[in-house]
1. Please identify, among G17, G37, G95, the residue showing maximal mean-square fluctuation in a Gaussian network model of the chain using a 10 angstrom Cα cutoff.
2. Run the simple label-point estimate for Y161 and R26 please: 7 Å along Cα→C-beta, distance reported in nm.
3. How far is it, in nm, from the label point at A154 to the one at E100 when both lie 7 Å from their Cα along the line to the Cβ?
4. What spacing in nm lies between the two simple spin-label points modelled at F144 and V168, each 7 Å away from Cα in the Cβ direction?
5. Starting from the alpha-carbon convex hull of the chain, give the projected area averaged over all orientations, in nm².
6. So if we plug the beta-carbon distance of A59 and V134 into 1/(1 + (r/R0)^6) with R0 = 35 Å, what FRET efficiency do we get, rounded to 0.05?
7. Can you give me the % of accessible surface on segment 85-152 that is carbon or sulfur? Probe 1.4 Å, all protein chains present, nothing else counted.
8. For N51, put the label point 7 Å out on the Cα→Cβ axis and report which residues of segment 117-152 keep their amide N under 18 Å from it.
Amino acid sequence: MDDSARRLSVHRFLGGGVVADVLLWRRRNAAIAVAAGATSAWILFELVGYNLLSLVVNALCLLVVILFFWARAASLLNRPLPPLPNLEISEAVTGKVAVEARVWINQALAIARDIAIGRNKKVFLQVILVLWMVSIIGGLFNFFTLVYIGVILALTVPVLYDKYQDHVDEKLGKEDSVVRFGSELKFIIIQ
């Protein structure tokens, strides 16, 4: 398989849009901006200890002060007022969001009900195992640190896989054959 077809498949797997371009570093400036933004946010909140609520309140306070002085200066200098749109959420948009949220919540509740009732014990055990592992990982890391690690991994793993796909697929193919052989051997021993 040639290099361009391989990149196209990874790009297509990631959705083929702007997000895929950023994750594969084809839009280098955007990828650098995402990595720098995530790093600066992590430093600001985790290392410096700044609070998210304080940041939002201070940013809004600064915005209100700037708009207030801009409007005062504009009236004194006979200039136009700052371009501030009419900020409203229409009832139609609110209804669409509510309908979409209801569908997602109902699907999640149906899945939770199926798992809780125990119709499929394998899925139940998998969910319990995943939740237990997330609990252990959550105890080791702060939530914001975990999100930061996820962002950095999302920016590095796809591009590394795209670059070394042949080697990774070869190694995973060997591991897959070993796992399949082990499960077949276990099946033969059990019978």
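The values are calculated or read from the model by the stated rules, or taken from the named source; none is laboratory data. Being a predicted model, the structure only gives us computed values, none of them experimental. Glycine gets a Cβ as well: all are built from the backbone with ideal geometry, and neighbour counts include every protein chain shown. Keep in mind that these areas ignore ligands, DNA and RNA; they rest on the heavy atoms of the full protein, side chains included. Shrake-Rupley method; radii C 1.70, N 1.55, O 1.52, S 1.80 Å.
1. Judging by the Gaussian network model, the answer is G95.
2. If labels sit at Y161 and R26, their model points lie 1.6 nm apart.
3. Here the answer is 1.7 nm between the modelled labels.
4. 3.0
5. Computing the convex hull of the Cα atoms and averaging its projections yields 19.8 nm².
6. For A59 and V134, the calculated efficiency is 0.65.
7. With neighbouring chains kept in place, the figure for segment 85-152 is 72 percent.
8. Once the point is set 7 Å along Cα→Cβ of N51, 143-144 turn out to lie under 18 Å by backbone N, inside segment 117-152.
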